[in-house]
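Colleague: A single structure is presented below for examination.
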Amino acid sequence: MQRPYIVGNWKMNGSRAMLAEARAIDRAAARIAAVEVAIAPPFTLISALGEASTAIAVGAQDCHVAASGAHTGDISAPMLADAGASFVIVGHSERRADHGESDALVRAKAHAALEAGLGAIVCVGETLAEREAGRAEDVVAAQLGGSLPNGETFAALGERLPERLAVAYEPVWAIGTGKVATVADVTAMHAAIRAQLIAAYGEPGSELRILYGGSVNAGNAAALLSAHEVGGALVGGASLTAESFLAIVSAAVRDNE
């Protein structure tokens, strides 16, 4: 069984002054073997955070599908690996909404990450209107089916796939709003995602970690992490300080005992 995976997504926040928070998180993570801890800072801090860390994984919040080329302002997966990143978040709802990213593009980015030797966290989630219309599971299933890596890229990984690929369920209406899905809703969605992963990947699909994201904090982390099929959390605002982020990591430790 894989360890719980607690990933901080700093989004467009952070300067070198925040490396002090990262170092505090890293020191604590070194004493917590039961949980895998990671942070995805802005591109500008990947290298510095990697140099400052020994126990946490450092990742990126996005990548381009191409390894190189005339793509001004973009960053490729091989460049991220060279900077010290070990994984990439792809398909976050803010990328899908703000940049018009399609499922096909998210899949291509996941392929690019895996081919560069990085891990990939594929994000999916429904809007409030879609949930209220009773379409939440259908919407997430369609996103997942169109965004998951397939073909030779994942086939080559075989049994190592669960080490390199994770899914994050983040209901759009809960991201940064303070609203949180109920444990029952999370359990139902994660069960549906698990069934789809097994259908897509067979036995390795039963071992992929499914993270929950959306206003996760110290107060609700324990309940969310104890829900069936929740293998960790993708944390936004609460990952910006060591105090709030480590409270979530501690909740994962208790759930894993």
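Colleague: Once you order the gyration tensor axes a ≥ b ≥ c over the Cα atoms, which shape class does the stretch 168-218 get: rounded for a/c under 1.5, otherwise prolate or oblate by comparing a/b with b/c?
Modeller: prolate
Colleague: OK, next. How many percent of DSSP beta bridges within the chain run antiparallel, rounded to 5? Could the numbers behind the result be given before it?
Modeller: Details: 0 of 29 bridges.
Here the antiparallel bridges make up roughly 0 percent for the chain.
Colleague: Excluding E163 itself, what net charge comes from residues whose Cβ is under 12 Å from its Cβ, given Lys and Arg +1 and Asp and Glu -1?
Modeller: Overall, the nearby charge balance is +1.
Colleague: For the chain, what are Rg and Dmax over the alpha carbons, in angstrom?
Modeller: My reading of the Cα-based Rg and Dmax gives 16.8, 49 Å.
Colleague: Which of D98, D82, D185 has the fewest other C-beta atoms within 10 Å, and how do the rest follow up to the most?
Modeller: On the way: D98 9, D82 12, D185 16.
Ascending Cβ contact count within 10 Å gives the list D98, D82, D185.
Colleague: Determine, for each peptide in 145-151, 234-240, 120-126, the mean count of other beta carbons within 10 angstrom over its residues, then list the peptides with the highest first. Write out the running numbers ahead of the final one.
Modeller: Values: 145-151: 18.6, 234-240: 23.4, 120-126: 27.0.
Output ranking for 145-151, 234-240, 120-126: 120-126, 234-240, 145-151.
Colleague: I need the Kirkwood Rh of the stretch 123-237: take the reciprocal of the average 1/r across all distinct C-alpha pairs and report it in angstrom.
Modeller: 14.4
Computed from the coordinates by the stated procedures, all read-outs in this text should not be read as laboratory data. Here the structure is a predicted model, which means the values were calculated and not measured. Glycine gets a Cβ as well: all are built from the backbone with ideal geometry, and neighbour counts include every protein chain shown.
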